[in-house]
Amino acid sequence: MRVASTGGLLVLLAYLAGCTATISASETTMNGGSDAERPAPRKGPPPTLVPVLFDDFNYTSPREFERNGWIMRTAPGWPGVEGALWSGNVTLGVEDPEHPGNYVLRMTATTDGTTTRQAQFCHQRKYYEGTFAARARFHDAPASGPDGDQVVETFYFISPLKAPLDPDYSEIDFEYLPNGGWGGGPLTLYVTTWETFRPEPEWLQINTSRAVQGSREGWHTVVAQVAAHTVNYYVDGELLATHGEPYYPEVPMSINFNLWFIKGGLAASGESRRYVEDIDWVFHQKDAVVAPARVEELVKEMRHAGVTFRDTVPAMNPPLSSPCNF
């Protein structure tokens with residue numbers, strides 16, 4: 001999940017940027033047609049048969065969490081610090097001190113420069129086009145210990161990389177770097193759409209990205225609309241970027257959140273430090289472009305109706321394997 005490098009690759013990316021179509025910021029289906037041909041926006045929570053994923057992360061046990069299709073990562077490997085551990089750093093049932101009675105999921109990443117733990121959880125690989133959204137609490141500083149590590153706070157969708165420069169690879173990222181990294185300054189939010197990449201040691205990335213400066217401390221609603229060969233990225237209703245071909249995803253992806261340290265980006269300190277990222281809810285509506293304000297309405301309506309989890313998005317046929325290791 002690194003942003004585009006310089007040199008010849010920039011020339012390639014400029015050439016590949018191609019045509020970028022704009023999709024409407026209002027709720028529509030993806031069947032085309034004029035506005036007059038489209039039905040009026042529906043009010044109220046989506047019916048059970050509408051392909052929707054919603055999770056309020058109101059859990060009391062890991063078993064319940066996993067029964068709803070979530071995977072807590074335990075597998076070692078990329079990204080982040082070599083040898084980092086990935087288990088035991090996802091906590092359920094954390095009460096939000098700003099909103100008593102509301103419970104959130106918390107990811108924790110820790111390091112003392114020697115032992116490093118990172119966190120990730122994933123949902124099934126069955127998501128392609130439509131609207132993806134989450135409410136996440138980003139932080140500019142560690143919860144404890146000295147500051148300065150290059151930490152990455154995320155919400156993203158991804159497919160496995162079958163081979164270096166796999167043409168069917170798909171990835172869409174929101175990544176907040178409070179202490180900078182990848183050649184950028186501190187307090188940077190990257191929104192990135194990937195065509196493909198070649199892993200280290202011969203690293204090569206083919207993607208398009210926008211870096212937006214400024215603190216993101218606190219709660220934010222992030223939305224990605226994926227439709228008509230275009231990806232729109234929003235934060236708190238503000239359109240940050242529109243990416244088109246050739247970066248548009250080709251295959252179904254899993255929904256992921258993770259919190260990790262950039263390789264080579266740890267602060268020169270032997271003291272223990274702890275970083276956190278909290279997730280309040282996640283939402284996906286299949287094959288529909290839903291405006292950010294409408295996403296917020298739907299979430300409020302489902303919560304008011306007592307819905308804490310809904311998943312009517314069908315699995316692929318046959319179902320795809322869903323590794324949580326990337």
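The values are calculated or read from the model by the stated rules, or taken from the named source; none is laboratory data. Here the structure is a predicted model, which is why all the values come from computation and not from measurement. All Cβ positions, glycine included, derive from the backbone under ideal geometry; neighbour counts span all protein chains shown. Accessible surface areas use protein heavy atoms only, side chains included; no ligands, DNA or RNA. Shrake-Rupley method; radii C 1.70, N 1.55, O 1.52, S 1.80 Å.
Worth pointing out:
- Residue check, ILE262 under 23 Å from GLU95 (Cβ atoms) and surrounded by fewer than 21 Cβ atoms within 10 Å (Cβ to Cβ): no
- A residue that is over 21 Å from LEU320 (Cα atoms) and touching a strand residue (DSSP E or B) at 6+ places or on another chain (Cβ under 7 Å) can be found somewhere in the stretch 119-127.
- Residues of the stretch 312-326 satisfying the condition of being within 19 Å of the chain's Cα centre (by Cα) and open to solvent by less than 50 Å² (accessible area, probe 1.4 Å): VAL313, SER322, CYS324, PHE326
- Residues of the stretch 284-304 that turn out to be open to solvent by 60 Å² or more (accessible area, probe 1.4 Å), outside any strand (DSSP E or B) and farther than 20 Å from VAL104 by Cβ, as a count: 3
- Residue under evaluation SER61, criteria (1) among the small types (Gly, Ala, Ser); (2) under 27 Å from GLN285 (Cα atoms); (3) at pLDDT 95 or above; (4) surrounded by fewer than 17 Cβ atoms within 10 Å (Cβ to Cβ), criterion not met: (3)
- Hey, GLN150 under 30 Å from GLY306 (Cβ atoms) and touching a Gly at 6+ places or on another chain (Cβ under 7 Å) or not: no
- Among the residues of the stretch 279-311, those identified as of a type in the set (Lys, Arg) and either at pLDDT below 95 or in contact with an Asp or Glu (Cβ under 7 Å, 6 or more places away or on another chain) (or both) are ARG294, ARG303.
- The condition of being closer than 11 Å to GLN120 by Cα and of a type outside the set (Gly, Ala, Ser) holds for ARG73.
- Note on the stretch 202-231: residues that are open to solvent by less than 40 Å² (accessible area, probe 1.4 Å) and free of Cβ contacts under 8 Å to residues at least 40 places away in the same chain amount to 2.
- Of the criteria (1) out of contact with any Ser or Thr (no Cβ under 6 Å at 6 or more places or on another chain); (2) not in a loop (DSSP other than H, G, I, E, B), which one ARG106 fails: (1)
- Flag for GLU271 being among the acidic types (Asp, Glu), open to solvent by 10 Å² or more (accessible area, probe 1.4 Å) and in a loop (DSSP other than H, G, I, E, B): yes
- Residue in the stretch 233-251 that is in contact with a helix residue (DSSP H, G or I) (Cβ under 6 Å, 6 or more places away or on another chain), not basic (Lys, Arg) and not in a loop (DSSP other than H, G, I, E, B) present: yes
- Looking across ALA119, ALA133, ALA143, one residue alone is under 24 Å from ARG310 (Cβ atoms) and of a type in the set (A, V, I, L, M). It is ALA133.
- Checking THR48 against (1) at pLDDT below 90; (2) open to solvent by 70 Å² or more (accessible area, probe 1.4 Å); (3) under 22 Å from VAL223 (Cβ atoms), the condition it does not meet: (3)
- Scope the stretch 107-125; condition among the basic types (Lys, Arg) and within 15 Å of the chain's Cα centre (by Cα); matching residues: ARG125
- Selection status of ILE206, among the β-branched types (Val, Ile, Thr) and over 18 Å from the mean Cα position of the chain (by Cα): yes
- Subset tally (residues that are in contact (Cβ under 8 Å) with a residue 60 or more places away in the chain, within 27 Å of GLN285 (Cβ to Cβ) and in a loop (DSSP other than H, G, I, E, B)) for the stretch 64-95: 3
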